[in-house]
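Q: Submitted below is the structure of interest, expressed as C-alpha cells.
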C-alpha cells in the first residue's frame with residue numbers, strides 16, 4: 001500500500017494513540033511522546049508554518065541534532081507538501097549557503113542559539129531566507145532580528161489556527177500523493193558543490209519497508225537516534241523505518257551522553273559506522289588494560305574462547321558440547337556483562353556501513369553474541385541495496401541484493417543498481433542526474449566491485465579512484481587506494497590513511513595515528529610525549545606503524561588483483577585530518593585530491609627519496625579563527641614483497 | 001543586546017581588614033548594582049579574595065559596613081549571607097571529591113531542604129516529595145551547564161575545567177541573587193575559558209543573577225563585565241567601566257609598572 005509519511009503518522013496516532021513514538025532524555029528522565037501527542041504537535045507546527053506562509057512544493061531547511069521537535073517539524077513540513085532539507089548541524093555557515101540558495105529556501109528551523117548565530121551570519125549571502133524558528137530559546141531572549149521566532153510561539157499560533165479550522169490539517173495531508181517529493185538530502189560531495197538528492201515518499205518508504213521485511217522488524221523495536229539527521233542513514237533508521245514500522249525512537253540527552261543513553265535504552269535495532277564500533281572496542285580494551293590481573297585473565301581467556309566459538313555460533317553452526325559449555329560460562333562471566341556495558345543486551349540486529357570494517361573488529365562483536373552485519377547503499381539508493389542475512393555476515397563483503405533490487409556489474413567494474421528506491425533526480429542538476437541515471441532506470445554507484453561465488457557483493461573502491469601503477473617493478477598493476485587505506489585503518493593505531501600511487505611507480509601513504517590508542521601504547525612503554533605532533537614523530541611510533549604497513553604488504557602480496565598496491569614509503573602527518581580544514585568530508589571520508597594539493601611538498605618528498613620534509617599548514621579553529629602549524633616530518637621506508645603468482 | 005541594570009543591591013563602605021600588621025584592605029568602598037557583572041581585579045596580593053571573603057562573611061573586617069538589599073551590617077555571617085541569597089565559588093575548588101557530581105550539586109540545595117534528618121534518611125512522607133522537587137531544580141542546572149554526561153561521575157575523576165563547572169553548578173543550586181566567583185577561569189585553557197564566559201553571561205542573562213567576579217585574565221574581564229573595581233595593595237585605585245579603567249593611569253601603573 002502506498003502512502004506518505006504524514007499519513008503514516010495519522011494512522012499510528014489513530015491505531016495506537018498511547019504507545020510511545022519517541023523518547024527524549026531531558027532533565028535526567030526519559031520523557032515519552034505518544035503517537036497521539038506527536039500527531040497533535042505535528043498538526044500545530046504545520047498550521048503555524050502555514051500561517052507563516054510555507055507553501056506546497058517549497059523547501060525548508062532543518063539544522064539540529066536528534067530532537068523530537070526537529071522530526072516533528074520535518075513531518076509538519078511534509079504535511080503541507082513542503083520539502084524538508086536536513087543539514088549537518090556541525091557544518092560551518094559557509095557550507096549551508098549553497099543548499100539554501102540552491103533550493104530558494106525561505107524557511108529554516110534550527111535547534112539552538114549556535115545554529116541561529118550560524119544562519120544569521122550567512123543571512124546576507126542568503127537573501128531568500130526569511131523565517132528562522134528555533135527550538136531551544138536559551139540565550140536568544142535579546143535577539144530581535146526580523147523573522148526570528150521561537151518554535152513554541154509557532155506552535156501556539158498553530159494551535160489557535162487548528163482549533164478554529166478543525167478539518168483543515170487532515171485535508172491538507174490528504175492532498176499529498178506518494179509520488180510527491182518527500183525530502184532532499186545534500187550529499188557531502190568530495191568534489192565541487194554538494195548535490196541535492198531528491199527522494200519521494202515512495203522511494204524512501206519502499207526501501208524502508210524492504211529493509212524492515214528483511215530483518216523482520218516490528219513495532220517493538222527500540223532505536224537510538226544519535227547520528228546527524230542530515231545523513232540519510234539516520235533518516236532511514238529514525239524516520240522512514242520509524243514511521244513504516246511504528247517503533248520507538250530514543251533521542252539522547254546530549255552528544256556527550258550517547259554511550260550512557262545507549263546503555264539505558266538497550267536498543268534492539270542499531271546502526272553505527274565502523275568508527276563508532278571501533279571507539280567502543282578501544283574503550284573496552286583500555287579499561288581492561290587497567291583492570292586487576294584476575295579480571296584481565298578471565299577476560300583474555302574467554303575472549304579466545306569467544307573468537308573460536310562465537311562466530312560459528314552466530315552463523316548458526318553447531319559447536320561441540322565442550323565448546324558450547326565453555327561459551328556458556330564465558331557468556332555468564334564476560335560476554336553478557338560486556339554486552340550490557342556496551343548497551344547491546346537487547347540488540348537483535350546491528351548494522352555497520354559507510355566504510356569497510358576490519359575483520360578483527362567485526363569478529364569481536366559477532367563473537368560476543370552481537371548480530372552484527374553489513375549493508376550497502378547510498379543516499380541516492382535510499383540506503384538499502386545489499387544486506388547480509390543473519391547467518392552469512394562476513395567482514396569483507398556487503399551482503400546480497402534484497403527484495404526489489406537488481407544489480408549488475410558494468411564492463412569497467414562499476415556496480416549498477418536498479419530498485420524502486422532510486423533518487424528521483426539531483427535537484428536543478430539534469431546533467432548530473434543524466435550521468436548517474438540511465439534511461440532504462442539503472443543507477444551508476446561509481447563503486448567498483450564484483451559479486452563473489454556465494455552471491456555476496458564485494459566492493460573494492462570508487463571506480464574513478466581505481467588506477468594503475470606506472471613504471472617500476474609493478475608497471476601496469478591495479479592500484480585501489482581505498483582498499484589499501486582500509487587495510488591499514490584496520491589497525492587500532494592508525495586512524496586515517498591517504499594513499500597515492502595512480503600513475504606513479506609505487507604506492508605511498510600519509511598516515512594519521514590514533515591519538516588515544518598510540519598515546520596509551522606510548523604511556524605503557526614510558527614514552528613521554530607533548531601532544532599529537534610530538535607523538536607522531538617519535539621513532540618508536542614510526543617503527544610501530546612500519547610494522548603495520550609491512551603486515552599489510554604481506555597480506556597484499558597474495559591478492560591476485562592488488563599485489564601491486566603494496567606500500568613502499570609512508571609518513572605520519574603532524575596534524576589530524578579535519579573536516580573543518582576541508583581535508584575530510586562531513587561524513588569523515590578523506591578528500592584525497594584536496595589533501596594531495598595541500599601537502600604537495602610531502603608527496604614530492606615521498607617520491608623523490610628524501611628522508612624528511614618541512615611543511616607548514618594553515619588550520620581553522622571551530623570559532624572561525626585560523627592559525628598555522630609547521631613540522632619537519634620523517635619519512636619511513638617499508639619492505640614490499642614480490643607478488644605471489646596465482647596458480648604458479 | 002540590552003540589559004536592565006537595577007539599583008544598588010550590595011554596597012561596601014570603607015572596609016578595612018588587617019591580619020596583625022598586614023593591612024589586607026584599607027578603606028575600600030564600592031557598590032554592586034542588581035543584574036550587573038562586576039569584576040574585581042588587581043595584582044597578586046591586592047586583596048581581591050579578602051574582599052570576597054568579607055562580603056561572604058568568612059572574614060570580619062575591623063572597620064566599615066556592608067549594606068545588602070537595604071540592610072546594613074558591621075560584618076557578615078556566612079550562614080546568614082547564604083540565606084539572604086549570596087552564593088560563591090572557590091579559587092581552589094572546595095568540592096567533595098569522592099561524591100558524584102549530582103550529590104555535590106544537591107549539597108548546594110541544603111539550605112532549601114526543610115524536612116528533618118530522620119525523614120530524609122528514611123525518605124518517607126514529605127521528604128521524598130521534597131527530594132524530587134530539589135532534584136528537578138538540580139537537573140535544570142545540570143542541563144544549563146551541560147554536564148549531563150557526568151552526573152554519576154565522582155568529582156575527583158573529572159578534569160579541572162569540569163570541576164570548576166560543578167563548583168559553579170553547586171553555587172547556582174542555591175538560586176542566589178548574587179553570585180561571587182573567585183577566579184572562575186584560573187588554570188583553564190582557551191576553550192574552557194570561552195565556555196566558562198558563556199556560562200557566566202548566560203547565568204546573568206537567564207536568571208538575572210548579579211555576578212561579582214575576581215579574574216586575572218584581562219581579556220575576559222574587559223569582555224564580560226559591566227563595571228570593574230581595581231585593587232592594589234589593599235586600596236582601591238580605580239572603579240568604572242572597562243574602558244574607563246583601562247585608561248586610568250593608576251591602573252596602568254599597577255599593572256605595567258612605570259619607568260623611572
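Q: Taking neighbour counts of Cβ atoms within 10 Å as a proxy for exposure, in what order, fewest first, do A:525, B:246 appear?
A: Lowest to highest Cβ neighbour count: A:525, B:246.
Q: Given the C-alpha atoms of segment A:274-349, compute the convex hull and give its volume per residue in Å³.
A: Value for segment A:274-349: 100 Å³ per residue.
Q: Another question about this same structure. Take every DSSP beta bridge whose two residues both sit in segment A:1-144, then give the antiparallel share in percent to the nearest 5.
A: 30 percent
Q: Averaged over peptide A:138-146, how many Cβ atoms belonging to another chain are found within 10 Å of each residue's Cβ?
A: 2
Q: A follow-up question, please. Dimensions of segment B:107-260 along principal axes (Cα, Å, largest first)?
A: 72, 28, 27
Q: Eigenvalues of the Cα gyration tensor times 5, then square-rooted: what semi-axes does that give for segment A:421-482, in whole angstrom, largest first?
A: Ellipsoid half-lengths, sorted descending, are 30, 18, 8 Å.
Q: Give me Rg/Rg_expected for segment A:480-603, where Rg uses Cα atoms only and Rg_expected = 2.2 N^0.38 Å with N residues.
A: So segment A:480-603 has a normalised radius of gyration of 1.04.
Q: Give me the extension gain from residue A:524 to residue A:614: residue separation times 0.36 nm, minus the current Cα-Cα distance, reported in nm with one decimal.
A: Residue separation times 0.36 nm, minus the Cα-Cα distance, leaves 29.4 nm.
Q: Taking the mean number of other Cβ atoms within 10 Å as a proxy for protection, how do you rank A:33-45, A:449-461, B:67-79 from highest to lowest?
A: A:33-45, A:449-461, B:67-79
Q: Using the Kirkwood radius built from alpha carbon pairs, what does the Stokes-Einstein equation give as D for chain A at 20 °C and 1.002 mPa s, in µm² per second?
A: Here the translational diffusion coefficient equals 81 µm²/s.
Q: Tell me the Kirkwood hydrodynamic radius of segment A:239-321 in angstroms, computed as one over the mean inverse distance between distinct C-alpha pairs.
A: After inverting the pairwise mean of 1/r, the radius is 16.1 Å.
Q: Hey, rough spin-label estimate for residue A:558 and residue A:453, points 7 angstrom out along Cα→Cβ, what's it come to in nanometres?
A: It works out to 1.5 nm between the two label points.
Q: Still on this structure: Which percent of the Cα-Cα distances in segment A:47-174 go past 17 Å?
A: Value for segment A:47-174: 54 percent of Cα pairs lie more than 17 Å apart.
Q: Taking every pair of alpha-carbon atoms in segment A:567-644, give the share separated by more than 21 Å as a whole percent.
A: Above the 21 Å cut-off, segment A:567-644 has 36 percent of its Cα pairs.
Q: With bins 10 Å wide starting at 0, give me the P(r) of segment B:1-85 over every alpha carbon pair, in whole percents.
A: 17, 49, 28, 6, 0
Q: Counting only DSSP beta bridges with both residues in chain A, tell me the antiparallel percent, nearest 5.
A: Counting only bridges with both partners in chain A, antiparallel ones make up about 60 percent.
Q: Continuing with the same structure: For chain B, what relative contact order do you get, as a whole percent, if you take Cα pairs closer than 8 Å and at least 6 residues apart?
A: 27 percent
Q: Rounded to the nearest 10 degrees, what's the angle between the helix B:190-206 long axis and the longest principal axis of chain B, both from Cα atoms, 0 to 90?
A: Computed tilt is about 80 degrees.
Q: Two-decimal Rg/Rh of segment A:1-91 from alpha-carbon positions, Kirkwood Rh?
A: For segment A:1-91, the value is 0.99.
Q: Same structure, new question: Taking only Cα atoms and a 10 Å spring cutoff, compute GNM fluctuations for chain B and point out the largest among B:214, B:15, B:224.
A: Looking only at B:214, B:15, B:224, the largest GNM fluctuation is found for B:224.
Q: Per residue of B:117-130, what is the mean number of Cβ atoms on other protein chains within 10 angstrom of that residue's Cβ?
A: 0
Q: With axes computed from alpha carbons, what is the tilt in degrees of helix A:151-164 against the longest principal axis of chain A, rounded to the nearest 10 within 0 to 90?
A: Approximately 40 degrees, to the nearest 10.
Q: Shifting gears a bit: Using a 10 Å cut-off around each Cβ of peptide B:139-149, what is the average number of partner chain Cβ atoms that fall inside?
A: 4
Q: At a 10 angstrom cut-off on C-beta neighbours, averaged per residue, how do the peptides A:156-166, A:276-286, A:380-390, A:192-202 rank from highest to lowest?
A: Ranked by mean Cβ neighbours within 10 Å, highest first: A:380-390, A:192-202, A:276-286, A:156-166.
Q: Can you give the translational diffusion coefficient of segment B:97-175 in µm²/s, computed by Stokes-Einstein from the Kirkwood radius over Cα pairs at 37 °C and 0.692 mPa s?
A: The diffusion coefficient I find is 256 µm²/s.
Q: Test of understanding: extend the Cα→C-beta vector of residue A:547 to 7 Å, then name every residue of segment A:488-522 with backbone N under 14 Å from that spot.
A: A:491-494, A:518, A:521-522
Q: Just the Cα atoms of segment A:500-550, one point each, no solvent: what log10 I(q)/I(0) does Debye give at q = 0.20 Å⁻¹?
A: Log10 I(q)/I(0), no solvent term: -0.70.
Q: Which three extents, in whole angstrom, do the alpha-carbon atoms of segment A:108-147 cover along their principal axes, largest first?
A: If we take the Cα atoms of segment A:108-147, the spans are 26, 17, 14 Å.
Q: With contacts defined as alpha carbon pairs under 8 Å and 6 or more residues apart, what's the relative contact order of segment A:466-637 in percent?
A: RCO, segment A:466-637: 20 percent.
Q: Take the alpha-carbon positions of chain B, form their convex hull, and give its projected area averaged over all directions (one quarter of the hull surface) in nm².
A: 15.8 nm²
Q: Same structure again: Which order do peptides A:122-131, A:563-572 fall in by mean Cβ count within 10 Å, highest first?
A: A:563-572, A:122-131
Q: Among B:37, A:155, rank each residue by its count of other Cβ atoms within 10 Å, from fewest to most, as a rough exposure measure.
A: Ordered from fewest to most neighbouring Cβ atoms within 10 Å, B:37, A:155 come out as A:155, B:37.
Q: Moving to a separate point now. Along each of the three principal axes of the Cα atoms of segment A:132-256, give the extent in whole Å, ordering the values from largest to smallest.
A: For segment A:132-256, the Cα spread along each principal axis is 49, 43, 32 Å.
Q: Sticking with this one: To the nearest 10 degrees, how steeply does helix B:160-172 sit against the main Cα axis of chain B, on a 0 to 90 scale?
A: The angle comes out at about 80 degrees.
Q: Can I ask one more? Tell me, Kirkwood radius of segment B:1-155 from alpha-carbon pair distances, in Å?
A: 18.3 Å
Q: Let me ask something else about it. Would you calculate, for the protein assembly as shown, the mean residue ellipticity at 222 nm contributed by helices, counting each DSSP H stretch of 4 or more residues as -39,500 (n - 2.57) and dividing by all residues, to the nearest 500?
A: -11000 deg cm²/dmol
FYI, it's all coordinate maths here, none of it is from the lab. Here the structure is a predicted model, which means the values were calculated and not measured. Cβ atoms come from the backbone with ideal geometry, glycine included; neighbour counts cover every protein chain shown.
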